[in-house]
Amino acid sequence: MDVSVIVCAHNEEQHLPSQLNALIEQECPGQWELIVVDNASTDKTALIAKRMAQRHPKLRVIQAEERKGKGYALAVGVRSADSDLIVFCDADDVVAPGWLAALVGGLASHDVVTGPHELDLLNPPWLADSRGRSIEEPLGSFFGIFPCIRGASWATHRRVWDAVGGVREDFSAGEDAEFSLRCWQSGVEIVGVPDAVVHYRYRDSPRALWRQGLAYGRSRPRIARILIDAGLTRPARFAGARSWMLLAISAPTLLTRRGRAQWMWIAGNRAGQLMGSVSERTFML
């Protein structure tokens with residue numbers, strides 16, 4: 001096997017079929033496999049994936065039931081993969097035509113590659129426009145300190161995965177930034193591939209936006225603590241001050257769908273960062 005594509009899924013029965021259909025239609029030089037990692041789902045995620053696997057020999061399903069968490073599920077997937085090239089995407093998005101070939105092509109000359117997250121296909125305008133569009137750039141960044149993979153679209157060589165140490169299995173969010181940090185520390189370059197497009201799906205309910213924002217926010221002080229302990233530049237302590245002001249100013253927009261989506265996302269992120277600041281003993285507003 002030349003390439004393994006790993007899709008981690010937790011309770012994604014609604015969106016998984018669209019992503020798997022898009023993946024099965026991908027073209028890639030050489031032989032490739034598609035691995036769905038069912039991460040302790042309680043819905044029909046595993047059943048749907050197994051039924052599709054009966055029709056598509058390149059697809060197989062494995063279980064990651066010890067605990068919930070993206071880092072853990074990714075690591076289980078890599079341990080089950082049979083290939084030297086490892087590609088990652090998420091279960092609730094839809095990869096664009098040519099996505100896989102673009103990432104594999106990028107690995108021909110680079111150690112780690114990633115791609116842009118397109119927002120308009122899967123999200124209504126009020127939701128797609130509820131936050132900035134930087135996610136549509138091919139390459140991410142952690143506060144301008146080091147380059148980051150896009151967590152729903154990236155790929156690497158197994159030798160790089162092993163050398164860097166893989167993703168942290170105790171990270172349920174922010175595992176992409178933490179892995180990117182270790183790549184940066186090790187001198188491993190991360191390159192953005194513009195043609196490796198994933199149609200990215202935002203959460204659309206206030207509760208889901210809050211919970212996701214909270215998880216993302218809590219992960220940032222963990223990364224900051226790693227930077228501090230390594231004697232490296234950390235994010236500015238008051239970098240989030242503008243977001244707190246925006247929460248106060250935008251309170252009247254809670255009457256609109258776009259306003260609620262934006263407000264809950266920002267509020268979850270800010271609350272998460274404060275919680276993470278306490279647990280990591282490093283202040284991030």
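The values are calculated or read from the model by the stated rules, or taken from the named source; none is laboratory data. The model shown is predicted, which means the values in this text are computed figures rather than measured ones. We place every Cβ from the backbone using ideal geometry, glycine too, and count neighbours over all the protein chains shown. Note: areas computed on protein heavy atoms with side chains; ligands, DNA, RNA excluded. Shrake-Rupley method; radii C 1.70, N 1.55, O 1.52, S 1.80 Å.
Pairs of Cα atoms under 8 Å, at least six residues apart: use those to get the relative contact order of the chain, whole percent.
19
Using only the Cα atoms of segment 196-285, what do you get for the radius of gyration and for Dmax, in Å?
Both quantities, over Cα of segment 196-285: 14.5, 45 Å.
Among 252-262, 272-282, what's the highest-first ranking by average C-beta atoms within 10 angstrom per residue?
So the peptides 252-262, 272-282, ranked by packing, come out 272-282, 252-262.
Taking 0.36 nm per residue of separation and subtracting the Cα-Cα distance, what length does fully extending Leu232 through Lys44 add?
Extra length available between Leu232 and Lys44 comes to 63.2 nm.
Taking every DSSP beta bridge with both residues inside the chain, roughly what % is antiparallel (nearest 5)?
The answer is about 40 percent antiparallel.
Compute the separation of the alpha-carbon centres of segment 126-195 and segment 18-34 and state it in Å as a whole number.
Taking the Cα centre of each part, segment 126-195 and segment 18-34 sit 22 Å apart.
Between Ser141 and Arg207, what is the label-point separation in nm under the 7 Å Cα-to-beta-carbon projection?
Each label point is offset 7 Å from its Cα along the Cβ direction, giving 3.8 nm.
Report, largest value first, the span of the C-alpha coordinates of the chain along each principal axis, in whole Å.
Cα spread of the chain along its principal axes, largest to smallest: 53, 44, 36 Å.
Looking at segment 1-45, which GluC sites (Glu not before Pro) are DSSP coil and have at most 14 other C-beta atoms within 10 Å of their C-beta?
Glu25, Glu27
Which three extents, in angstrom, do the Cα atoms of segment 9-91 have along their principal axes, listed largest first?
Taking the Cα atoms of segment 9-91, the three principal extents are 35, 24, 18 Å.
At 222 nm, what helix-only mean residue ellipticity would the chain give, in deg cm²/dmol to the nearest 500, using -39500 (n - 2.57) for each DSSP H run of four or more?
After summing the helix terms and dividing by residue count, I get -13000 deg cm²/dmol.
For segment 131-199, what number results from the quotient of the Cα radius of gyration and 2.2 N^0.38 Å?
Segment 131-199 yields a ratio of 1.09.
Provide the per residue accessible area, probe 1.4 Å, for the chain, rounded to a whole number of square angstrom.
That works out to 45 Å² for each residue.
Run the quick spin-label model on Met1 and Glu27: label points 7 Å from Cα toward the beta carbon, then report their separation in nm to one decimal.
It is 2.3 nm.
Filter the GluC sites (Glu not before Pro) in segment 137-196 to those in DSSP coil with at most 15 other Cβ atoms within 10 Å of their Cβ, and list the result.
Sites meeting the loop and neighbour criteria: Glu189.
If you roll a 1.4 angstrom probe over the protein chains with everything in place, what fraction of the accessible area of the chain belongs to carbon and sulfur, to the nearest %?
Ligands and nucleic acids excluded, carbon and sulfur give 53 percent.
Mind running the shape call on segment 178-240? Use the C-alpha gyration tensor, a ≥ b ≥ c as the square roots of the eigenvalues: rounded below 1.5 for a/c, prolate if a/b tops b/c, oblate otherwise.
oblate
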